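Presented below is the structure to which this report refers.
A short reminder: the numbers here are calculations on the coordinates, not readings from a lab. Source: prediction; values computed, not measured. Cβ: placed from backbone, ideal geometry, glycine included. Neighbour counts: every protein chain shown.
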Amino acid sequence: MNKILEIKNLNLGFNTESGFRQALWDVSLSLDKGEMHALVGESGCGKTISAMSVLRLLPKNALIKSGEILYNGEDVLKFDKTRLSTLRGAKIALIPQDPMTSLNPLYTVGNQLLEVIKIHQGLSGNAAYEKAIEALKTVQIPSAEERFNSYPHEFSGGMKQRAIIAMALACHAEILIADEPTTALDVTIQAQIMKLLQKIKTETGVSILLITHDLALVSENADFISVMYAGRVVESAPAKEFFLNPQHPYSLALLKSIPSNRGAKLETIHGQPPSIYQEITGCRFHPRCEYCMDKCIREIPELMLINENHSAACWLKL
Ligand code: SF4
């Protein structure tokens, strides 16, 4: 498969009152065309800021120190404002955790879809309307013609998320960045949205970067998984290989904390992930790792290939 997106050795931090604080260390990951790549980790581990770097939607005090973000081989970090605005929405669309951050409550869902179609496909009148209805049907909104005239507040949470996905499809986006897209939804609707993303990926060939804290959610859907901990990617592998043969102690701990492991004792990971204000030497997971050795406290383990396509950053594996 061809790589549509590559993040290479991204180092990023924030200028704070107490100086520069690094938040991402050498983050690298790639997304193949037509792939769903799940970026997994606890809240605050840097997965959202990694994804937002792709769209250059970063807080004002963020500073990218080094690295590359290649979209179809071109470095997004070198794009000017015009190229960036074409990239956002048209080529790479964001499916946010809260769909109301993307939907305007003052306009009907249909009107917002028509606007997107007018801007990105140059269509108007009946042709634009037909496209809008087609997009609503693709995301399985029932009675699409009637729902076209509904306002966002008349949609349930799941329907709002479907409407956002319809807008991304109407732009012919090549990449969807879905940032915890089901967190605000109940479990049944979560599964429906994941199935929908899977279906769209298969039918349209769109690539999906899925940001989530929930490994159970991606176990049946993702093609590839990268696990982040405290600003670093600590393991990455094809999803099947990852679930059969997890290598990093943090990945193992996350897997043991999935409630769906029937019969197995549910475990929690002791301690808290560090904040960006905490200085940690060596492996950033060492204060919470049950396998910690002296070397782990002194030296940083780099991400190393364990076998084809599977890498982990742990001294136990090197
Ligand atoms: Fe644990 Fe050491 Fe591996 Fe870090 S390098 S995950 S502390 S065993």
- Message: Rg over Rh of the chain, using C-alpha atoms and the Kirkwood radius, what does it come to?
- Response: 0.99
- Query: If you place +1 on the Cβ of every Lys and Arg and -1 on the Cβ of every Asp and Glu, how big does the dipole about the Cα centre of the chain come out, in debye to the nearest 20?
  - Reply: 240 debye
- Item | Of 255, 210, 271, farthest towards positive along the dipole that unit charges on Lys, Arg, Asp, Glu beta carbons give the range 203-304 | 271
- For every other residue with a beta carbon closer than 13 angstrom to the beta carbon of residue 241, add +1 if it is Lys or Arg and -1 if Asp or Glu, then tell me the sum. -2
- Full-extension gain in nm, residue 245 to residue 74, via 0.36 nm per residue minus C-alpha separation: 58.2 nm
- State whether the range 1-87 is rounded, prolate or oblate according to the following rule on the C-alpha gyration tensor (a ≥ b ≥ c being the square roots of its eigenvalues): a/c under 1.5 gives rounded; otherwise a/b larger than b/c gives prolate, and the remaining case gives oblate. oblate
- Message: Can you tally the net charge around residue 121? Count Lys and Arg as +1, Asp and Glu as -1, for every other residue whose Cβ sits under 15 Å from the Cβ of residue 121.
- Response: -1
- With a sphere of radius 14 Å drawn around the Cβ of residue 306, what net charge do the other residues whose Cβ falls strictly inside it have (Lys, Arg +1; Asp, Glu -1)? -3
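Share of Cα-Cα pairs in the range 105-154 beyond 12 Å, in percent?
Values: 722 of 1225 pairs.
In whole percent, the long-distance tail amounts to 59.
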- Query: Restricting the count to DSSP beta bridges whose residues both fall in the chain, what percent are antiparallel, rounded to a multiple of 5?
  - Reply: 60 percent
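Just rank 268, 281, 182, fewest to most, by other beta-carbon atoms within 10 angstrom. Before the final figure, lay out each step's value.
Numbers: 268 8, 281 11, 182 24.
By the 10 Å Cβ count, ascending, the order reads 268, 281, 182.
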- Report, in degrees rounded to the nearest 10, the 0 to 90 angle that the Cα long axis of helix 157-170 makes with the longest principal axis of the chain. 80 degrees
- Rank the residues 75, 214 as a footprinting-exposure proxy: fewest other Cβ atoms within 10 Å of their Cβ go first. 75, 214
- Message: Using alpha carbons only, how many angstrom separate the centre of the range 237-255 from the centre of the range 288-302?
- Response: 18 Å
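What ranking of 100, 228, 194 emerges when the number of other C-beta atoms within 10 Å of each C-beta is taken as an exposure proxy, fewest first? If you can, show how the numbers build up before the last one.
Working: 100 15, 228 24, 194 21.
By the 10 Å Cβ count, ascending: 100, 194, 228.
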